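Colleague: Submitted below is the structure of interest, expressed as structure tokens.
Quick note: the coordinates plus some simple rules give every number you see, no bench work behind them. Just so you know, these numbers come straight off a predicted model, no measurement behind them. As a convention, Cβ positions derive from the backbone with ideal geometry for all residues, glycine included, and neighbour counts pool all protein chains shown.
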Amino acid sequence: MSVQEELQSARPAKLFIDRVTKHFLTRGGKVHALEDITLQINEGDFVCLVGPSGCGKSTLLNIIAGLEKPDAGQTLMDGKPVTQPGRDRMVMFQESALFPWLDVLDNVLFGLKFKPNLTSKERREVAEFYLRLVGLEEFAHANVHELSGGMKQRAALARALAPNPRVLLMDEPFAALDALTREQLYGDIQRIWAERKKTIVFVTHNVREAVCLGNRVVLFSPHPGRVREEFTVDLPHPRDINSVELAGHASRITRALSGYVEEPGKEFGAE
Amino acid sequence: MKRLLSSTIFFAALLLVWHYLVLRKYWSQVLLPDPAAVWEYLKIVVADGTLLAAAEVTMRRLVTGYLIGVALGIPFGLLTARFRMMEDTVGVMALGLQTLPSVCWVPLALLWFGQSEGAMLFVVVMGSLWSIIISTDNGVRHVPPIYARAARTMGASQFVTWTRVILPASLPFVVSGMKQGWAFAWRSLMAAEIFVPILTGFGLGQLLQYGRDLHAMDQVIGVMLAIVLIGLLVDKLLFSPVERFLHRRWGTGRV
Ligand SMILES: Nc1ncnc2c1ncn2[C@@H]1O[C@H](COP(=O)(O)OP(=O)(O)OP(=O)(O)O)[C@@H](O)[C@H]1O
Ligand SMILES: [Mg+2]
């Protein structure tokens, strides 16, 4: 396979989450993390999952990733059940999860290492392409701890994109960043979504962030974790998080959300 | 440069105090020789090759035994961290035996292997193995689980996850365990060499013991200095660069 072919974005996948239920047994008893979740996600969708802490958003993301197994139900990707993790569904975690013993380039290469049909020179070209895509080409040989929080998440994004997944799963990837850095990344992620045509499932606490990024926003409610309501956001991309229109959408969702949170405004807000 | 200077001044002062104590004749010259006498002794044994030959014998035993200890210790440490069964068996044994001062292995080694190189090797392996197992195990348990999860999503197999993710992630612990293992190996070998006279090789420990038998304090102190110097050299040349590399990569260490 040539580098050119490899760099063609893979066709985005569609996901069908089919009556997924997941319980955890803890010392405090049984936790209903997810209760009968059904969700259709189309090719190239940017779906944001929003909900209070503990409503099972991360659990659902892990199930889609194949890192955890549901107690009942299943996830279908293009009609095929998900049974284990795979390079077609890459995950970006809240903490970057970059490997500190590798430099930035080697971190990105790690995900390519197990891809067949590529020479090491080609892998390197691919990795450098993705570093350019996230604007880190200058930092290919930096150590992980030398990067700022925002740069770490960019590197993690490059690592997740490098194996050319069809679905990108992001679990509060920007939660630990300052507002300014976050706004830059909103721009980048929208550009990359448009350029690379991924199906993205994005978990967040921040309603405005969800409205800024997603074309769909799915509200979850906790105990047990359920899908409560769904919103379509049909503003054109790229969106500016500070725009008035966006704020209008956000307040509509925040209002709906506050119905499901015991203490409205404590955990949520339009920031 | 400044650090070299402070080291030099410190050790020069130490020598002066030593020399002063000799001059004041608190102890007889037989018990505490002058630094100059020790220096004379060292010059002689370096010139006639005795010291180097003994150091070579010792280092050969040490390096062989230590490498066996590392080669066994790291895989066993990974296994005890991975499998509950190994943790409850080998892990508990390692924990117990690590507390045993390594000189305690000498009588057993003598009975099992006789006065042979085998006995030396056995003592060195026993001295280093357990602490290497324990720190490898400990290192693995400190690896954030998210690394392994990330590796799995990137298509890494179980084996690759262990060799390319968990092992390097636990490297800071493994290296400090290796350093500790080296120190223990060094100690146990000296004990063995002092207690066990064998004909297949004349090591530093035996040279030291020989000095005691001759009541030659300049020899005893001279050999001790050589032992200290070797330990220091290995630390500075072998472990320090590795540790510096790890600190640089991980961004840890001195603030
Ligand atoms: N491995 C686990 N063992 C036991 N309980 C778990 C486990 N993982 C999650 N849970 C529980 O399941 C529920 C859902 O957890 P999850 O992490 O999916 O929530 P979340 O929506 O991602 O929350 P947050 O917004 O705080 O990240 C929580 O009550 C949590 O305590
Ligand atoms: Mg979560």
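Colleague: Which one, B:Gly73, B:Ala191, B:Leu52, projects farthest toward the positive side of the charge dipole computed for region B:33-250 from Cβ point charges (K/R +1, D/E -1)?
Modeller: Towards the positive end, the residue furthest out is B:Gly73.
Colleague: P(r) for chain B, please, calculated from all Cα pair distances in 5 Å bins and given in %.
Modeller: Taking every Cα pair in chain B, the percentages come to 1, 6, 10, 13, 14, 13, 12, 10, 8, 5, 3, 2, 1, 0, 0.
Colleague: Find which of A:Val211, B:Tyr210, A:Phe114 sits farthest along the positive direction of the dipole of the protein assembly as shown, computed with +1 on the beta-carbon of Lys and Arg, -1 on that of Asp and Glu, about the Cα centre.
Modeller: B:Tyr210
Colleague: Place a +1 charge on the Cβ of each Lys and Arg in the protein assembly as shown and a -1 charge on the Cβ of each Asp and Glu, then give the dipole magnitude about the Cα centre in debye, rounded to the nearest 20. Display every interim value, and only then the final one.
Modeller: Numbers: 55 positive and 49 negative charges, 45 e Å.
My answer is approximately 220 debye.
Colleague: Would you calculate, for chain A, the mean residue ellipticity at 222 nm contributed by helices, counting each DSSP H stretch of 4 or more residues as -39,500 (n - 2.57) and dividing by all residues, to the nearest 500? Write down the numbers at each step before the final one.
Modeller: Working: 8 runs with 91 residues, N = 271.
Computed ellipticity for chain A at 222 nm equals -10500 deg cm²/dmol.
Colleague: With only alpha-carbon atoms counted, please give the Rg and Dmax of the protein assembly as shown, in Å.
Modeller: Every Cα atom of the protein assembly as shown included, Rg and Dmax give 31.6, 97 Å.
Colleague: Quick one: among A:Val203, A:Val108, A:Val227, which has the greatest mean-square fluctuation in a GNM of chain A with alpha-carbon springs under 10 angstrom?
Modeller: Judging by the Gaussian network model, the answer is A:Val227.
Colleague: If you don't mind, another one. Size of the dipole of region B:1-62 about the Cα centre, Lys and Arg at +1 and Asp and Glu at -1 on the beta carbon, nothing else charged, in debye to 20? Each step should come with its number before you reach the end.
Modeller: Values: 7 positive and 4 negative charges, 60 e Å.
Once rounded to the nearest 20, the dipole reads 280 debye.
Colleague: Would you mind ranking A:Thr199, A:Thr21, B:Thr80 by Cβ crowding within 10 Å, fewest neighbours first? If you can, show how the numbers build up before the last one.
Modeller: Numbers: A:Thr199 24, A:Thr21 17, B:Thr80 27.
Fewest to most other Cβ atoms nearby, the residues stand as A:Thr21, A:Thr199, B:Thr80.
Colleague: Mind checking B:139-146 for the average number of partner chain beta-carbons within 10 Å of each residue's beta-carbon? Please list the in-between numbers first.
Modeller: Numbers: counts 0, 0, 0, 0, 0, 2, 1, 6.
What the average comes to for B:139-146 is 1.
Colleague: Same structure again: Just to confirm the filter: which trypsin sites (Lys or Arg not before Pro) across region B:1-79 are DSSP coil and have at most 15 other Cβ within 10 angstrom of their Cβ?
Modeller: Numbers: sites: B:Lys2, B:Arg3, B:Arg24, B:Lys25, B:Lys43, B:Arg60, B:Arg61; in loops: B:Arg24, B:Lys25.
Hits after loop and neighbour filter: B:Arg24, B:Lys25.
Colleague: Using the Cα atoms of chain A to build a convex hull, what is its mean projected area in square nanometres? Provide the component values of the computation, followed by the final result.
Modeller: Details: hull surface 58.1 nm².
Convex hull of Cα atoms, orientation-averaged projection: 14.5 nm².
Colleague: I would also like to ask the following. Just A:Gly150, A:Gly29, A:Gly86 to compare: in a GNM of chain A, with alpha carbon springs under 10 Å, which one fluctuates most?
Modeller: Most flexible of the set in this elastic network: A:Gly29.
Colleague: Quick check for me: using +1 on Lys/Arg Cβ and -1 on Asp/Glu Cβ, what's the dipole size of chain A about its Cα centre, in debye to the nearest 20?
Modeller: Details: 34 positive and 36 negative charges, 137 e Å.
So the magnitude is around 660 debye.
Colleague: Let me ask you something else. Which of the listed residues, A:Ile253, A:Val82, A:Leu235, is farthest toward the dipole's positive end in chain A, when Lys, Arg count +1 and Asp, Glu count -1 at the beta-carbon?
Modeller: A:Val82
Colleague: Another question, then. Could you list, in their original order, any pairs among A:Lys22/A:Lys198; A:Lys69/A:Lys113; A:Lys30/A:Lys57; A:Lys152/A:Lys197; A:Lys80/A:Lys113 whose Cα atoms are separated by more than 21 Å? Could you put the intermediate results ahead of the total?
Modeller: On the way: A:Lys22/A:Lys198 27 Å; A:Lys69/A:Lys113 26 Å; A:Lys30/A:Lys57 17 Å; A:Lys152/A:Lys197 23 Å; A:Lys80/A:Lys113 25 Å.
As for pairs spanning more than 21 Å Cα to Cα, those are A:Lys22/A:Lys198; A:Lys69/A:Lys113; A:Lys152/A:Lys197; A:Lys80/A:Lys113.
Colleague: Please compute the average number of Cβ atoms from other chains found within 10 Å of each residue's Cβ in peptide A:89-100. Write out the running numbers ahead of the final one.
Modeller: Details: counts 1, 4, 6, 2, 4, 1, 2, 2, 9, 2, 8, 10.
The per-residue average across the peptide is 4.
Colleague: Scanning chain B for chymotrypsin sites (Phe, Trp or Tyr not before Pro) in DSSP loops with at most 13 other Cβ atoms within 10 Å, what's the longest stretch left with none?
Modeller: On the way: sites that count: B:Tyr26, B:Trp27, B:Phe83.
Of all site-free stretches, the longest is B:84-255.
Colleague: Separate question: How well do other chains shield peptide B:152-165, expressed as the mean number of their Cβ atoms within 10 Å of each residue Cβ? Intermediate values should be presented prior to the final figure.
Modeller: Working: counts 7, 19, 16, 13, 5, 1, 0, 0, 3, 0, 0, 0, 5, 4.
Average per residue, whole number: 5.
Colleague: In whole angstrom, note down how far apart the Cα centers of region B:105-184 and region A:94-114 are.
Modeller: Computed from Cα coordinates, the inter-centre distance equals 25 Å.
Colleague: Okay, which of region A:67-95 sit inside 17 Å, backbone N to the point 7 Å along the Cα-Cβ direction of A:His23?
Modeller: Within reach of a label on A:His23, which here means backbone N under 17 Å from a point 7 Å along Cα→Cβ, region A:67-95 contributes A:69-74.
Colleague: Based solely on C-alpha atoms, express the radius of gyration and the Dmax of region B:1-65 in angstrom.
Modeller: 16.3, 45
Colleague: Can I ask one more? For chain B, what is the calculated [θ] at 222 nm in deg cm²/dmol (nearest 500), taking -39500 (n - 2.57) for each run of four or more DSSP H residues and dividing by its residue count?
Modeller: Values: 11 runs with 182 residues, N = 255.
After summing the helix terms and dividing by the residues of chain B, the value is -24000 deg cm²/dmol.
Colleague: With a 10 Å cut-off between alpha carbons and a GNM built on chain A, which of A:Arg239, A:Arg19, A:Arg252 moves the most?
Modeller: Result for chain A, Cα springs under 10 Å: A:Arg252 fluctuates most.
Colleague: At what distance in angstrom do the alpha carbon centres of region B:32-75 and region A:2-51 lie from each other?
Modeller: 63
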